[in-house]
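To start, the structure under review is shown below, and the notes come after it.
The values are calculated or read from the model by the stated rules, or taken from the named source; none is laboratory data. Just so we're clear, the structure is a prediction, and the values are computed from it rather than from any experiment. Don't worry about glycine lacking a Cβ; one is built from the backbone with ideal geometry, like all the others, and counts go over all protein chains shown.
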């Protein structure tokens, strides 16, 4: 058994020790504020006290639920209860089975980011639910999760999130209608961040008022600076591919410490009112960040995993693909893919594009904004959690401009290859 040695801030210690006299507790604030670590230990306390046997951790997908709260980067439930827990599986799914002084507890971990996610918890009886990044979860899933705890003996819900836009439906439809205790967090609440590190983060975000207010001050901010702010979680996300499939192609952007991102795109043809038009459907996504996971992979490893992703998409959608477009700067990745028999082309990265209103990458950004607002761009969910749109949705909510109006070179790996895919779409189908 390993012994956790953790220094808590005053706020973290207060949160952990509070009585369980609210049915919903919300920890909202900046990234790296220590709110999730406090949540790990608060919830561990709850599990020891609760007389209920079955509980749930929910995130956008199951992988995130495991990473954020079961493992928790070394402070999650499996480490707190080390020696007294094990990963198990039963008819309700994967869970952490924990032996506590108050009986055995089953903590299921599931994805709740899609419209069909609700089926995974229908019929379950739960004592509590933890909502990780609740603003990214499907609202029907959230509401059903609250219904699953109606018969609990010690009913409890814990949610965490970075500040959403002020009009986000989770505020009005969840926080404002429940018996809620809300706690605000900033970087000052995290005892492991040095003043030097905090100042470094502040300086890097000062150029962008939106990110500074959101990620330093922890404020809910209207996303005026977000480049693709017109993206609509209902209008631009569908559960099924509609129309006549015309072409499948892939776009990728690579890095080792930075993220490697590749999308599968299917163009569909539609006829309405006697007119023909096309849609760009983003149907699957591979994403891995060496910086975020702490696991840096060789380009040869990325190539093998990207080949598996391409093969998965071909099998899933029963289509042959036309091209694999890779950022021209990623020469080593292209070479590794060529060794595996996958021929690539240099992505259309707007390096020499000029339009009447823009030039360079602004041409691609303008095109992306156009097809998002017109409804010609859709994210298509699939039933499997592998290769879903979690990282695309995170980046599209953060990709923004600095004070001088220039796109910030941050949170943009999926955004770059999205732009490449839009450029291909425009080149072939924009005149229809």
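Worth a mention:
- Qualifying residue in region 309-319 (condition: touching a helix residue (DSSP H, G or I) at 6+ places or on another chain (Cβ under 8 Å) and surrounded by 20 or more Cβ atoms within 10 Å (Cβ to Cβ)): no
- Residue within region 32-55 that is touching a helix residue (DSSP H, G or I) at 6+ places or on another chain (Cβ under 7 Å) and at pLDDT below 95 present: yes
- Among the residues of this structure, residue 423 counts as one that is touching a helix residue (DSSP H, G or I) at 6+ places or on another chain (Cβ under 7 Å) and either in the same structural domain as residue 277 (by TED's automatic domain parsing) or closer than 27 Å to residue 61 by Cβ (or both).
- Among the residues of region 143-167, the one identified as in contact with a helix residue (DSSP H, G or I) (Cβ under 6 Å, 6 or more places away or on another chain) and in a helix (DSSP H, G or I) is 144.
One line per residue, one yes/no per condition, for (1) under 17 Å from residue 285 (Cα atoms); (2) in the same structural domain as residue 390 (by TED's automatic domain parsing); (3) at pLDDT 90 or above; (4) not in a strand (DSSP E or B):
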position	(1), (2), (3), (4)
183	no, no, yes, no
214	no, no, yes, yes
218	no, no, yes, yes
228	no, no, yes, yes
250	yes, yes, yes, no
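- Against the conditions (1) closer than 24 Å to residue 426 by Cα; (2) out of contact with any helix residue (DSSP H, G or I) (no Cβ under 9 Å at 6 or more places or on another chain); (3) modelled with pLDDT under 95, residue 400 satisfies every one except (2).
- Selection within region 369-383: residues that are assigned to a helix (DSSP H, G or I) and touching a residue at least 24 places away in the same chain (Cβ under 8 Å). The member of this set that is surrounded by the fewest Cβ atoms within 10 Å (Cβ to Cβ) is 373.
- Helices (runs of 4 or more DSSP H) contained in region 22-128 and holding at least 3 residues surrounded by fewer than 18 Cβ atoms within 10 Å (Cβ to Cβ) and either in the same structural domain as residue 287 (by TED's automatic domain parsing) or at negative phi (or both): 35-49
- Test: residue 177 is out of contact with any helix residue (DSSP H, G or I) (no Cβ under 8 Å at 6 or more places or on another chain), surrounded by fewer than 14 Cβ atoms within 10 Å (Cβ to Cβ) and either assigned to a helix (DSSP H, G or I) or in the same structural domain as residue 425 (by TED's automatic domain parsing) (or both): no
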